Structure formats: structure tokens, C-alpha cells
Amino acid sequence: MRKSCIVLTLLLSFSILLAQKNRPVWIENRPLLNGYYIGIGFASKQANPTDYHKVAMDNALSNLASEIQININSQTVQQVMEKAGILQDEFKSYVQSSTKAELEGYELVDKWENDNEYWVYYRLSKEKYASIKNAKLNKAKSLSIDMLNRARKAEQNGQLDKAFLFYLQALPPIEKYLGETLEATINGQRVFLFNEIYSSLQRILSEIKLEAINPDLKGKLGQPIAEPLTLKATKQGLPVQNLPIYFEFIRGAGDLIKEAFTDAQGMAQTRVLRINSTDNLQIVSATLALEKSIGQENDSPILKGILGTLVRPSARFMIKVSGLTAYIESQEVNLGQPVEIKQLEPALKNILSNNGFTFSDSPANVDFIIKIKATARKGAEVYGLFSSFVNLTFSVIDVRSGQEIYKDALEDVKGIDLNYEKAGFKALSNAAKEINQKLIPNFLQKIQKN
């Protein structure tokens, strides 16, 4: 038996040594070939039983692409990337991914496999890669120059919306080549292409002025602002049309139409459909929305980072917000007697005032009439402790429409004390807590939705 085990161990060791001997040298020792980029990829057949060929090839091309050196030569590009918060490693990774996706001219040198492993070995001539890359770079520069020339022509004709469009469309063709010098000759003048596009964009943006026509507005919590927010876009005093404008709350909160375009007079408008924040002073900002000119299909982090560094014209609207007004009708009855010192009304006013409400002693000229009716009745007596129960109805009428917009009820809210009267007051107090915890949040949510 012992001899059999020894023989089996020797055979197993021999098979492993034989397998290792059959493995090609390029798996263990990466080749160094002058004039070539090398890519070696591996895939486990167990982990990838159906597509191990594809996985190994993909890994090999990633390995090959990682050998291609990426430099950032332009000082302007470095400065813009720094402002945009784009790290050089992030940029290089992005370019490397693009490079891998567009690799051409590589050739399969060898492949090897056993029961568990699959390996491939590719190479790409550096001379061939440089030739293909230069052809692509020249094509990209030509596309970019064409857009740049169109942008300049549109700018000369006063069509700034088209100028923005063409300037921004000049960037995508060259974004993965930003590490290159990107020199070009345009109308006999030698320029650095990226620098020229970027500085032209910033120059136009600095010449455009956005002015709020009605910068000071008044609003009320939960309601729309009747007056539209209006701005005017000008360049050297002349109106600029077809500019995309983006509106947003930068202080406070509300529902508003976020996008608009300037008309032939350079005017753009939006409307605040509802104010949702209780802040007394709220601010809406209007900014030139350059992203509209590059299209949603372009999700390049590099291009978005570059756009983020451009200083854009903007305008602000200040909104003074007043709270909603309410009149409260409160009927509180304890054991058949009206309550002189009410429990529910003060608690209700306290929570509503914390949500921006003010109160009136008259139902005239208020936003809401709130009606509460609570009645405490006797319960039972057990071991000298008396219980009372409160039934309560809660109703809210919108004065503007005259409609009841909210209605709810509480039943059998219990109070316990040393006699029925005190138990009734305790039940009313407990009902006040339940109003604040349950009914008021539901009511506030209701008016925010309407």
C-alpha cells in the first residue's frame, strides 16, 4: 500500500512538472521586443466556462494599452484639469480606456491552454500604432478646426447660440488627445487648438450679461408666485437670443420651471409653481446652461469637468416669503361643559407656527379656516382611578376655493386621573399630542401636494 502511494505521488509530481515544462516561456517571463507593445492576457476556464477566449483577449488588450505612455504636455490643459478637479491618473485612465477600445493593427503571437487556464499573447508594432494614431489625430484635429471656424463665423454674425454650439462641438473630437500639443494652423496663424477653443468660450461668456428684470419678489409658503421671474441677456448692450438658461433654488426650496431660452429680445422667463420652504428669504439663481449645447449623449467626465471650470454669467432673484395665515375655531367640551382654558388650540398654534403659519382673530383674509371639535366623556373607575375618553374631529377649509381640503378624526383618546373632570382634561391633553403627531403632519403633506 505504501509503495502504491509513493508511485502515485511520483506520477502526480511528474505530471505537474511536465505541465509546467509545457507552459511557454512568455507566460513566466514577459518578453521584451524592441519596436513592439506587448499584451498578455489570462482567463480561468472555471470562472469563465463559455467566454474565456474573450476574457483573455480583453485582458491582453488592456495589458497592451497600459504600455502606451500618455503624457500631458499642455500647461493650459494641466491648469484646466486642476481647476476641474480631474487628477492626471484619472485622465490617463480615461485615455487608456479609449485607446484600448480603438486599438488596431495588433497581431496574435501565441496562445496556450490546459484544463484550467487559457493564455493569449498579442503584440502591436509601435511604428504601426504611431501611424494609425497620427491619422486619427489629424482627422480629429480637422473636425475640431472645422467646428472652430464655424464658431468664429457664427460669432462674427452675432449668432452666439450657434457659436457656443460649435465651440463646444470642437472639444469632443480632441478630448482624448488633450495630452498632445495639438498645434494647428488656422488662417495662417499657428495656435494651440485646445487653448484657442477654451479661451474663446471664456471670452464670450465674460462678455454676456444676465440681468434680473424683477430681482425682488414676494411669495407665500405653499403657493405659487404670480409674477414670472424675468431676465434679460445682453452682449455689449445688444440682446442675445436662443441662450439656454437654467433656474434653481440656491436658498430655500420650491417647485419651478427649470429651463428656458432667451427670445429675440434676449428675455427669458420662468415661474415658481410653489414655495415649499419656510425660509423668510429665498434665492433663485439663473445661469447659462452650456451643457445643453453638448447634448445628453455625451457623458464624458473630461468634457463635463472642463465645462465646470468656465465662469458663466448668472443672475439672482430674491424672494421674501411670508407664511400661510389661519383662523382656528376650537370647541372643547369636558363632561358636557365648555372648557375655559383650552388644550387643543394652543398646541395646534405652536406646531403650525413652527411651520411658517401666522394666525388671525378673524376668518376674513386668511388662507385656511381650521375647525376642531373635541368632546370628553366619562369612562370607568377602577381602584380609585377614573378614566375619560375624547372623540375629536379636525377639518380644514381652503378660503380661496371654499373647499374642505382635509378632514380627519380621533376616537377614544384616553385620560386617567383622580376624578372624571381631571381625567377629561388629561384626555384632551393627550388628544392635543396626537393632533401634533398624526393629523398636522398629514395636513401639511396634503397642502404641499396641492
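The values are calculated or read from the model by the stated rules, or taken from the named source; none is laboratory data. These numbers were taken from a predicted model, which means no experiment stands behind them. For neighbour counting, all protein chains shown are included, and Cβ atoms are generated from backbone atoms with ideal geometry for every residue, glycine included.
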Original post:
Within segment 228-272, which residues are under 24 Å from Glu155 (Cα atoms) and polar (S, T, N, Q)?
Top reply: Thr234, Gln236, Gln241, Asn242, Thr262, Gln265
Original post:
Out of the residues in segment 118-170 that are of a type in the set (A, V, I, L, M, F, W, C) and surrounded by fewer than 18 Cβ atoms within 10 Å (Cβ to Cβ), which is farthest from Leu64 (Cα to Cα)?
Top reply: Leu143
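For (1) surrounded by 15 or more Cβ atoms within 10 Å (Cβ to Cβ); (2) more than 33 Å from the chain's Cα centre (by Cα); (3) of a type outside the set (Asp, Glu); (4) at pLDDT below 75, each residue gets a yes or a no:
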{"position": "Thr9", "(1), (2), (3), (4)": "no, yes, yes, yes"}
{"position": "Leu17", "(1), (2), (3), (4)": "no, yes, yes, yes"}
{"position": "Arg23", "(1), (2), (3), (4)": "no, yes, yes, no"}
{"position": "Glu28", "(1), (2), (3), (4)": "no, yes, no, no"}
{"position": "Ile38", "(1), (2), (3), (4)": "yes, yes, yes, no"}
{"position": "Asn73", "(1), (2), (3), (4)": "no, no, yes, yes"}
{"position": "Phe91", "(1), (2), (3), (4)": "yes, no, yes, no"}
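Among Asn391, Asn442, which is the only one that is at pLDDT 95 or above and either touching a strand residue (DSSP E or B) at 6+ places or on another chain (Cβ under 9 Å) or more than 26 Å from Ala253 (Cα to Cα) (or both)? Full working, then the answer.
Values: Asn442 fails: at pLDDT 95 or above.
Being at pLDDT 95 or above and either touching a strand residue (DSSP E or B) at 6+ places or on another chain (Cβ under 9 Å) or more than 26 Å from Ala253 (Cα to Cα) (or both) holds for just one of Asn391, Asn442, which is Asn391.
State whether one or more residues within segment 318-334 are assigned to a loop (DSSP other than H, G, I, E, B), farther than 17 Å from Leu428 by Cα and at pLDDT below 90.
Looking only at segment 318-334, we keep the residues that are assigned to a loop (DSSP other than H, G, I, E, B), and these are 323-324.
With the extra rule that they be farther than 17 Å from Leu428 by Cα, the set shrinks to 323-324.
In the following step, the residues that additionally are at pLDDT below 90 were identified as 323-324.
Yes, some residue in segment 318-334 is assigned to a loop (DSSP other than H, G, I, E, B), farther than 17 Å from Leu428 by Cα and at pLDDT below 90.
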**OP:** Would you mention how many residues in segment 242-277 are at pLDDT 95 or above, within 17 Å of Lys320 (Cβ to Cβ) and small (Gly, Ala, Ser)?
**Re:** 0
Subject >> Among the candidates Leu310, Leu335, Leu344, residue that is touching a helix residue (DSSP H, G or I) at 6+ places or on another chain (Cβ under 8 Å), surrounded by 21 or more Cβ atoms within 10 Å (Cβ to Cβ) and touching a residue at least 12 places away in the same chain (Cβ under 8 Å) >> reply: Leu344
**OP:** Inspect segment 384-391 for any residue being surrounded by fewer than 18 Cβ atoms within 10 Å (Cβ to Cβ), at positive phi and among the hydrophobic types (A, V, I, L, M, F, W, C) and give the result as yes or no.
**Re:** no
Original post:
Tell me, which residue of segment 93-115 that is among the β-branched types (Val, Ile, Thr) and modelled with pLDDT under 90 is farthest from the chain's Cα centre (by Cα)?
Top reply: Thr99
Subject >> Filter result for the condition that a residue is of a type in the set (A, V, I, L, M, F, W, C), within 26 Å of Gln223 (Cα to Cα) and over 42 Å from the mean Cα position of the chain (by Cα), over Ala326, Ala380, Ala374, Ala364 >> reply: Ala364
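The rows are residues; the columns are (1) more than 19 Å from Ile204 (Cβ to Cβ); (2) outside the structural domain of Ile245 (by TED's automatic domain parsing); (3) under 18 Å from the mean Cα position of the chain (by Cα).
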site: Thr262; (1), (2), (3): no, no, no
site: Gln265; (1), (2), (3): yes, no, no
site: Ala268; (1), (2), (3): no, no, no
site: Arg271; (1), (2), (3): yes, no, no
site: Ser277; (1), (2), (3): yes, no, no
site: Ser285; (1), (2), (3): yes, no, yes
site: Ser293; (1), (2), (3): no, no, no
site: Gly305; (1), (2), (3): yes, no, yes
site: Pro313; (1), (2), (3): no, no, no
**OP:** Find the residue count for segment 205-243, including only residues that are under 20 Å from Leu168 (Cα atoms) and more than 27 Å from the chain's Cα centre (by Cα).
**Re:** 4
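Any idea which of Thr181, Thr185 is in a loop (DSSP other than H, G, I, E, B) and modelled with pLDDT under 90? Can you show your working first?
On the way: Thr185 fails: in a loop (DSSP other than H, G, I, E, B).
After ruling out the rest, the residue left standing is Thr181.
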Subject >> Top-ranked residue in segment 116-168 [being of a type in the set (Gly, Ala, Ser) and closer than 27 Å to Leu290 by Cα; ranked as nearest to the chain's Cα centre (by Cα)] >> reply: Ala163
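For the structure I just gave you, tell me whether Gly105 is without any contact (Cβ under 8 Å) to a residue 24 or more places away in the chain, at positive phi and not assigned by TED's automatic domain parsing to the domain that holds Phe261. Full working, then the answer.
Details: without any contact (Cβ under 8 Å) to a residue 24 or more places away in the chain: no; at positive phi: yes; not assigned by TED's automatic domain parsing to the domain that holds Phe261: yes.
Considered against the rule, which asks whether it is without any contact (Cβ under 8 Å) to a residue 24 or more places away in the chain, at positive phi and not assigned by TED's automatic domain parsing to the domain that holds Phe261, Gly105 comes out as no.
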